[in-house]
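The values are calculated or read from the model by the stated rules, or taken from the named source; none is laboratory data. None of the values given here were measured: they were computed from a predicted structure. With ideal geometry, Cβ positions are generated from the backbone for all residues, glycine too; neighbour counts draw on all protein chains shown. Areas reflect the complete protein model, heavy atoms only, side chains present, ligands, DNA and RNA absent. Shrake-Rupley method; radii C 1.70, N 1.55, O 1.52, S 1.80 Å.
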Amino acid sequence: MGMTDAEGPGPPDGLPDLPPEWGRVVVPDDASALAAEAEQLRRELRRPAGTDPRHPRPAPRRDGRPPLGLPLLVLLVAVLTTLAGLAAVTWPRSPRGADRPTVLPYPTTTAALTGRPLPALDLVDADQATVPLRRLLPAMIILVDACACAEQVATAAGAAPAGVSVVTVAGGRSPTGVPAGNTRVRALADPAGGVRAALHLPARPGTAPALLVDRTGTVVRVLPELGAAADYHADLVRLAG
């Protein structure tokens, strides 16, 4: 059997008080390594005494009790199976993956947003009054929760024709990012973060994306980063038409 190693005297490793004639007991790392021994043991238990001349059963003891060989074999298999299972559970394992955190690429969602309806969200103004976002359409909606970007917002307000609202949406409960003295910008706050969540548009530090929404509530263009007015002036003119 592949469970013992009779080379060298002495007690087996990690199994004190076992009979010395068993030799050095080797505990496998995987309990499946004992499958052959377990199958042999089941065959021995199923075979009636004396039915196989190649494997005669040991003669019973004089006191009528069964021989000790089979019970000791059962005990040994049970002990080794238990120890192998414990070793598999308690053996230290290295954590999965490398120590470096996994960096996911920034998702490209601007194309998927175009043509979708703007969610019917309620924001709040500086007086904490509720303002339905759809009532401000057509509009250029600028998300300023990751960047105030006051200069870019002022440029957008100057480029927007009459009839097109310029709305800044900040995080928290206080509207921010409004250029001082600029009455063309409607500053709102989104305490629940509903705009970004509904549009699946993650925040990028240092950038202020913008949505161009027509009067029917359809997103006609998404600007991942608010830049020069020449990049979107024609779209603002179409919104006013």
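Brief remarks on what is shown
- Residue 184 vs. criteria charged (D, E, K, R) and closer than 11 Å to residue 143 by Cβ: no
- The number of residues in the range 161-176 being among the aliphatic types (A, V, I, L, M) and not in a loop (DSSP other than H, G, I, E, B) comes to 4.
- Subset tally (residues that are surrounded by 17 or more Cβ atoms within 10 Å (Cβ to Cβ), at pLDDT below 90 and either part of a strand (DSSP E or B) or among the hydrophobic types (A, V, I, L, M, F, W, C) (or both)) for the range 178-230: 4
- Any hit, the range 163-175, residues being at pLDDT below 85 and either open to solvent by 10 Å² or more (accessible area, probe 1.4 Å) or out of contact with any Leu (no Cβ under 8 Å at 6 or more places or on another chain) (or both): no
- Any hit, the range 125-140, residues being modelled with pLDDT of 90 or more, closer than 18 Å to residue 197 by Cβ and not in a strand (DSSP E or B): yes
- Any hit, the range 151-170, residues being within 20 Å of residue 214 (Cβ to Cβ) and of a type in the set (S, T, N, Q): yes
- When residues in the range 201-238 are screened for being at positive phi and under 28 Å from the mean Cα position of the chain (by Cα), 1 of them pass.
- Among the residues listed as 195, 213, 167, the single one being closer than 14 Å to residue 121 by Cβ and touching a Lys or Arg at 6+ places or on another chain (Cβ under 7 Å): 167
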